[in-house]
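To keep things clear, I will list the structure first and then write my remarks on it.
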There are 2 protein chains.
Amino acid sequence: MQQVLRIAIDMDGVIADHLSKHLELYNRDYQDQLTFADLQGKKLREVAKCGIEVQNYYRDLAFFRDLVVMEGSQEVIQQLQKNYEVFITTAAMEFPSSFQAKYGWLTEHFDFIPKGNIVFCGNKSIIQADYLIDDNSYNFKNFKGKGILYTAPHNVFETKHARVNNWQEVAALFLS
Amino acid sequence: MQQVLRIAIDMDGVIADHLSKHLELYNRDYQDQLTFADLQGKKLREVAKCGIEVQNYYRDLAFFRDLVVMEGSQEVIQQLQKNYEVFITTAAMEFPSSFQAKYGWLTEHFDFIPKGNIVFCGNKSIIQADYLIDDNSYNFKNFKGKGILYTAPHNVFETKHARVNNWQEVAALFLS
């Protein structure tokens, strides 16, 4: 019997569009007009007037609750589940106030993923999987499987990893 | 350079004594007098008058917040950290209302464990570690490392796994 391969999938920037909301709130509160184009190769905290404090939006209990679902992610993940084990692995420990919102969001939009396949972690080297789709390449560093970089503004200049630009490319990679 | 081995450690029944509190609340509310001795080889839900409903105590937001720390666990884990990478890996997804209480409890009693080394998961086969110390042997089933059964009333008759009866035995196993 062939072993089913396992794909671990990050949440923010991969299935949840946290950046659009983050930019919108920041622009509103700091009278700025930053766009995705201003973030090429950079994190918002590197260009925001308020610097690292822009992370404080993540501490809001509700920030992660109403994010827009990344286009195609639901359909492709349901297809992936036919041939792979799929886990959602999200870094939540730095912002523990986000637990309930993230869980609620997943329950609402990805109810087809078993609850036992949801992981809130910090350091993703703890993840045992064959693939990790993530927008932060530092998560690949001690990951034993293959890292696949999901394109986000901050990572566009990185060239070390396999890359997917959208969920259609994830489908092409794993389902063709 | 030799790689540092990683030990994943379960929370309930291993570093947190959830069973004493569970028994106390159940006995109070159902006018029963169950003790640890009545639970040899059994889960509380198998002997409780209310059956599986006894699990509902876990849904209380505060249930996991004031559990007694298992004797010796803090001291031994601090010793382990000198030679191993230590992660806390707890099944929390079935009772999402427990997130904050579990996190608060860990922050209070195990503040020497980096937040990035805390994992809330469901299925523990997702854990990449060399050892897993856990009182539920089903967590060893698809775990790639070595499972070490921490004695709890429900598992006393199991013989398939390496076993530790207390934190002194954990120390003896890993530090001698």
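The values are calculated or read from the model by the stated rules, or taken from the named source; none is laboratory data. Keep in mind the model is a prediction, meaning the values are calculated, not measured. Virtual Cβ from ideal backbone geometry, glycine too; neighbours counted across all protein chains shown. Only protein heavy atoms, including side chains, enter the accessible area calculation; ligands, DNA and RNA are left aside. Shrake-Rupley method; radii C 1.70, N 1.55, O 1.52, S 1.80 Å.
Summary of computed values
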| item | result |
| --- | --- |
| Subset of the stretch A:39-61 that is part of a helix (DSSP H, G or I) and open to solvent by less than 70 Å² (accessible area, probe 1.4 Å) - its residue that is nearest to A:PRO153 (Cα to Cα) | A:LEU39 |
| Test result for B:ASP32, part of a helix (DSSP H, G or I) and farther than 30 Å from A:ILE118 by Cβ | no |
| Matching entry among A:ALA162, A:ALA171 (being in contact with a helix residue (DSSP H, G or I) (Cβ under 7 Å, 6 or more places away or on another chain) and open to solvent by 10 Å² or more (accessible area, probe 1.4 Å)) | A:ALA171 |
| Top-ranked residue in the stretch A:70-98 [being open to solvent by 10 Å² or more (accessible area, probe 1.4 Å) and touching a Lys or Arg at 6+ places or on another chain (Cβ under 9 Å); ranked as farthest from the other protein chains (Cβ to nearest Cβ)] | A:TYR84 |
| Residue within the stretch B:2-12 that is at negative phi, open to solvent by less than 50 Å² (accessible area, probe 1.4 Å) and in a loop (DSSP other than H, G, I, E, B) present | yes |
| Filter result for A:PHE112 (out of contact with any Asp or Glu (no Cβ under 7 Å at 6 or more places or on another chain), over 17 Å from A:LEU19 (Cβ atoms), aromatic (Phe, Trp, Tyr) and open to solvent by 40 Å² or more (accessible area, probe 1.4 Å)) | yes |
| Lone qualifier among A:GLY51, A:GLY104, A:GLY116, A:GLY72 - being under 15 Å from the mean Cα position of the chain (by Cα), at pLDDT 95 or above and small (Gly, Ala, Ser) | A:GLY72 |
